[in-house]
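As structure tokens, the structure follows; a few thoughts come after it.
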Amino acid sequence: MNVADLYSFMTRFRYGVVSSATVDGSPQSALVGIAVTPQLEIVFDTLNTSRKYRNLVARPSCSFVVGWSGEQTVQFDGVASLPVDEELRRYQEVYFGVWLDGPARMTWPGIAYFVVRPKWIRYSDFDQNPPLLEEMRTP
């Protein structure tokens, strides 16, 4: 599966599960609304009072699961960052293209936007026999 195919698959879904680690290394997962860029970056918003915010600021390595209709998923390991200035506006544009109510949340105290850049991706399709499992790494 190439990048364009992965993008097409991932953009079919509006939600993903992000997993991060607490300060003591304990896992924490959360369902978040997502948008995906053509470079397979995942964008989501959260409040700066959330556990995932604190975890990702302190330890930006994280993972995602996207897609669960049938037995097709993308597992995704990446690095989260908080974009600023023009980069933030560019990612907000991507996010607001999926989440039309997103601009209204910009007035919420403590709203923050993360972008997660992929390091490793696995596409799995167990709806076929034999199953299709494809992995890719990014720089």
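Summary table
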item	result
Complete set of residues in the range 7-25 that are more than 13 Å from the chain's Cα centre (by Cα) and either among the aliphatic types (A, V, I, L, M) or surrounded by 17 or more Cβ atoms within 10 Å (Cβ to Cβ) (or both)	9, 21, 23
Among the residues listed as 45, 77, the single one being of a type in the set (Asp, Glu) and closer than 13 Å to residue 117 by Cβ	77
Selected residue (criterion: nearest to residue 5 (Cα to Cα)) from residues of the range 38-68 that are out of contact with any strand residue (DSSP E or B) (no Cβ under 7 Å at 6 or more places or on another chain) and β-branched (Val, Ile, Thr)	57
Members of the range 110-139 that are modelled with pLDDT of 95 or more and over 17 Å from the mean Cα position of the chain (by Cα)	110
Selected residue (only one of 73, 107 is within 19 Å of residue 7 (Cβ to Cβ), β-branched (Val, Ile, Thr) and outside any helix (DSSP H, G or I))	73
Residue in the range 82-103 that is in a strand (DSSP E or B) and either at pLDDT 95 or above or surrounded by fewer than 15 Cβ atoms within 10 Å (Cβ to Cβ) (or both) present	no
Residue 32 surrounded by 14 or more Cβ atoms within 10 Å (Cβ to Cβ), free of Cβ contacts under 8 Å to residues at least 40 places away in the same chain, more than 20 Å from residue 4 (Cα to Cα) and within 13 Å of the chain's Cα centre (by Cα)	yes
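The values are calculated or read from the model by the stated rules, or taken from the named source; none is laboratory data. Bear in mind the structure is a predicted one, so any value in this text is a computation, not a measurement. Using ideal geometry, Cβ is built from the backbone for each residue, glycine included, and neighbour counts are taken over all protein chains shown.
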